[in-house]
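Readers should treat all values here as calculations from the given coordinates under stated rules, not as data from a laboratory. Because the structure is a prediction, the values reported are computed rather than measured. Here the Cβ positions follow ideal geometry from the backbone for every residue, glycine too, while neighbour counts run over all protein chains shown.
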Amino acid sequence: MKFLISTFCIVFFCNIVSSQSISIGYGPIFTHTNQKVKMVNSEEDFQNTDYQFLINYEHFIKNSKFSILGSYSSFDGHTWIKFREGSVIAPDGYPTLGVGYSGVDINRIDLGMSYNLFQNHGKIFFKSFFTIGIQISKSDGSEYGAFERQNGPEYIELEPISAQTFNNSQIIPSIGFKTGIVLWKRIELGLTVQGVLGFKSYQNMYFKYSYKGVPQETAVFEANGTGIYTALSIGYRIVKQGK
């Protein structure tokens with residue numbers, strides 16, 4: 001009996017080791033700032049806010065186009081207040097288009113499944129995937145400070161803009177795709193594009209202002225991780241392509 005158990009463990013371990021790939025990546029992220037309390041005559045912000053570092057693990061299921069995914073990503077969390085061109089003028093006479101702040105470090109762990117739309121052993125792959133992730137935010141200890149007032153001709157700052165960071169965790173879903181090529185049956189060069197949906201704010205900004213001379217309700221801008229995350233990656237397959 002012990003022999004059978006030992007044999008099973010060895011076979012299982014060998015299958016695990018010989019059916020995986022590990023890759024590292026780096027690329028721009030594009031995140032959304034939601035207006036929890038809307039600023040008058042304004043739009044929500046969506047832009048390239050930072051670059052992520054990504055570690056990806058993939059376990060191939062034998063004789064299947066499906067595979068199990070695991071990944072870790074790290075980036076800075078940003079919140080942005082967006083102004084229409086001409087609505088705020090800086091002291092140097094040029095328009096101010098936005099004010100941003102990053103006071104949190106974000107780490108996310110994703111687990112999910114992928115499906116290869118191309119043949120299993122081809123040199124080119126295109127995989128769609130779905131994951132469930134745990135996103136953890138932690139304040140980096142910095143404090144927000146606006147170096148200049150955000151004034152006119154439309155918006156007038158009544159009090160200095162302030163920011164608040166949150167140490168929290170949340171479960172977030174994502175979908176995306178990964179495409180690339182396999183060189184020498186072991187080296188992967190890939191591009192990952194991942195759409196993430198967040199629910200809990202990790203950082204808020206507050207803007208007390210008047211619009212065209214009329215005081216308004218304090219606008220609240222929040223970021224929760226919702227956005228598009230991309231990365232160029234290089235990886236190594238433990239098992240040769242085609243095995």
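Okay, here's what the table says:
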| quantity | calculated |
| --- | --- |
| Ser162 vs. criteria under 28 Å from the mean Cα position of the chain (by Cα), of a type in the set (Ser, Thr, Tyr) and surrounded by 15 or more Cβ atoms within 10 Å (Cβ to Cβ) | yes |
| Residue check, Gly227 touching a residue at least 40 places away in the same chain (Cβ under 8 Å), touching a Gly at 6+ places or on another chain (Cβ under 6 Å) and under 25 Å from Thr49 (Cα atoms) | no |
| Segment 62-97, subset of a type in the set (Val, Ile, Thr) and more than 30 Å from Gly112 (Cβ to Cβ), residue surrounded by the most Cβ atoms within 10 Å (Cβ to Cβ) | Ile81 |
| Pair list, Cβ < 8 Å and 6+ apart or interchain, from segment 90-101 residues that are of a type in the set (A, V, I, L, M, F, W, C) to residues that are assigned to a strand (DSSP E or B) | Leu97/Lys82; Val99/Trp80; Val99/Ile81; Val99/Met205 |
| Per-region count, segment 69-89, residues β-branched (Val, Ile, Thr) and more than 23 Å from Gly227 (Cα to Cα) | 2 |
